[in-house]
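The values are calculated or read from the model by the stated rules, or taken from the named source; none is laboratory data. Computed from a predicted model, the values in this text were never measured in an experiment. Cβ placement follows ideal geometry from the backbone for every residue including glycine, while neighbour counts extend to all protein chains displayed. To get the accessible areas, we keep the full protein, side chains included, count just its heavy atoms, and leave off ligands, DNA and RNA. Shrake-Rupley method; radii C 1.70, N 1.55, O 1.52, S 1.80 Å.
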Amino acid sequence: MADPSIQTFCCRRALDYHPSYKLMNEFNTDRFNMVCLLSSIIGITGAAYQILPKIELKVPNRFYSNIMRRGKYIIMWLAIADICASLGILLRSCLKLMHHFQWYDGQPYTVSCIFLAVWIQYFYIVTWFWTLSYAVDMWRAYQDKHSCRKLYHMVAWSIPAIFTFIGLSTLYRPNANCHNLSLKENIVMKFLPNYFFTFLPVIVVMVVNPVLYSLSTGYIYHIITSYMAQYSTNERKMLDLFKQRFALINLAFYLCWTPNLINAVIVWTSWDNLPNGVMLTLWYLMAILNPMQAFFNSFLYNLLEHTEQICCKCFGAQSRVQEMVECRPLLIANVKGSSNSNGYEIIE
């Protein structure tokens, strides 16, 4: 899980006198790590499929060809970051399944645990920034503004590094035994920075992306009505298709990361009396859904069958539609096209 909770980032065994520490032994069980292992394999498979070369059919309209290239470029880097994050979860699960409890107080385990914790947190924050970059770029693309690839790379790779360094350096220093604290240590200052810098990007994506997609929908509506000179049932179906795609992307992100937010709130507000059933449910949801982000992204951006059906109903000729879309589009985003039989300029 890409979560700054104790099982991930405190790489030494905690004292067992506290009920919450005993509950956290669940993270070291075979069943929990098998769930993490399986979900990470599915996530890696989905992300790998996303970056495989795909057959692309020609899109005669330069405006929309450019939009599809821009979206494809960002999704490729999102998939690469997803693979790296899921790979970290895979390796950590294998480590725990192989060594169980006997290695936990040794130096090799501590070093490996810290390295994997940094790796997982960093690459998941990278995925969140690429998800934000995609929404920003679509918003700019539908205004016919140029892409800012260098800026996206600078933000998506450097800011997560800063966030990870600040959060984990406060957690691990002076040592990795971050639960067995002395009376002189401030618990809030020990754990809060890592929680803050981990969940700030998640909250930003949850708030900003729906707004950007809503604005993009407005620009798409303007393009449709301008080029079609009408807004009939066909045009309404096309606009609904865009809304559906944007809504599914947002829903998948909320589904993957809402359990982490709920877990953080409960841990901070009820640490001395954690509800066992609720916490175990959340932890298993996180173990399943966090790595599955990569699979959901692959599924959503390659969901073509329903889109083709809608387009065929709108334009009447499937072959004509297929000339204007990618074989596996990252997002069906064909807004400018060629003329239909009635003389109107069609929009896909």
query = Can you tell me how many residues in the stretch 1-21 are at pLDDT 60 or above and within 20 Å of ASN260 (Cα to Cα)?
reply = 5
ask   = Where residues in the stretch 46-71 are modelled with pLDDT of 85 or more and over 15 Å from the mean Cα position of the chain (by Cα), which of them is least open to solvent (accessible area, probe 1.4 Å)?
value = ILE51
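Scan LEU168, LEU212 and give me the residue that is part of a helix (DSSP H, G or I), modelled with pLDDT under 90 and in contact with a helix residue (DSSP H, G or I) (Cβ under 7 Å, 6 or more places away or on another chain).
Residue meeting the stated conditions: LEU168.
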ask   = Only one of (1) at pLDDT 85 or above; (2) of a type in the set (A, V, I, L, M, F, W, C); (3) surrounded by 14 or more Cβ atoms within 10 Å (Cβ to Cβ) is not met by MET154, so which one is it?
value = (3)
inquiry  = For the stretch 248-299: of the residues being among the hydroxyl-bearing types (Ser, Thr, Tyr) and in a helix (DSSP H, G or I), which is farthest from THR198 (Cα to Cα)?
reply    = SER298
ask   = Pairs, please: C-beta under 7 Å, at least 6 apart or cross-chain, first residue over 21 Å from MET206 (Cα atoms) and in the stretch 261-279, second among the hydroxyl-bearing types (Ser, Thr, Tyr) and part of a helix (DSSP H, G or I)?
value = TRP271/SER20; LEU274/SER20
task = Tell me, yes or no, whether the stretch 219-240 has at least one residue that is under 30 Å from GLN121 (Cβ atoms) and in a helix (DSSP H, G or I).
result = no
Enumeration of residues in the stretch 204-253 that are open to solvent by less than 70 Å² (accessible area, probe 1.4 Å), free of Cβ contacts under 8 Å to residues at least 60 places away in the same chain and more than 30 Å from ASN290 (Cα to Cα) = GLY218, THR225, SER226, SER232, LEU239
